1. Taking the condition of being outside any helix (DSSP H, G or I) and either small (Gly, Ala, Ser) or crowded, with 24+ Cβ neighbours inside 10 Å (or both), how many residues in the range 80-90 meet it?
2. Tell me, which strands (runs of 3 or more DSSP E) lie completely within the range 91-208 with 2 or more residues that are without any contact (Cβ under 8 Å) to a residue 24 or more places away in the chain and either surrounded by 14 or more Cβ atoms within 10 Å (Cβ to Cβ) or in contact with a Gly (Cβ under 8 Å, 6 or more places away or on another chain) (or both)?
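All of the numbers you see were taken from the coordinates with simple rules; none came from a lab. Please read all numbers here as calculations on a predicted model, not as lab measurements. Glycine also receives a Cβ, built like all others from the backbone with ideal geometry; neighbour counts cover every protein chain displayed.
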Amino acid sequence: MARYREAVCRLCRREGMELYLKGDRCFTDKCAIKRRGYPPGQHGQRRPKHSDYGVQLREKQKARRIYGLLEKQFHNYFEKADRMKGRTGDNLLILLERRLDNVVFKLGFAVTRRESRQLVRHGHFLVAGRRVNIPSYLVRPGDVVEIRERSRKILSVNEALDAVARKGIPVWLELERENFRGSVKALPSRADITEPIQEQLIVELYSK
């Protein structure tokens, strides 16, 4: 499975904003944006020039990096969203939010999406009573996502759950902390998605 293996702090610097890709570190003075708030590379401190295409491209790259997807994966989601009824941009974000690795992250079982993806890949989670190790699995209303009995002593999971009050749980999800499980109450709406993404720019980019 292809994945990004380089320093993730460079991604935040490239997009010029905190994407919170390293969990608690992003809330400290060690955050790369706070220390070097300009793009990486030898030309990073030059004044940037943004064309319309450049603005659209950066928005697409930012969305990809928030959800931890490569270009082909992201484009496949866009094509699927374009075939669905409704607004393509809204459909795209809803599909991304429904990914199992994102749901595990939003329920508080992990402090980053990268960590939640690893937990899913290692088979620590059950969906509707069945083990699922595919991060891109799309949850549906009524699905119950729970960590396996043998995995409930994982230190990182318990630490993440102890800190879940700080970030809160989306209204379309429900967490049962004592039972190490959460449920999908409904599909998310655009208003429920708080990621700083302007999806219309992504639609315009792919529509060229």
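1. Matching residues across the range 80-90 total 1.
2. Per the criteria, 173-176.
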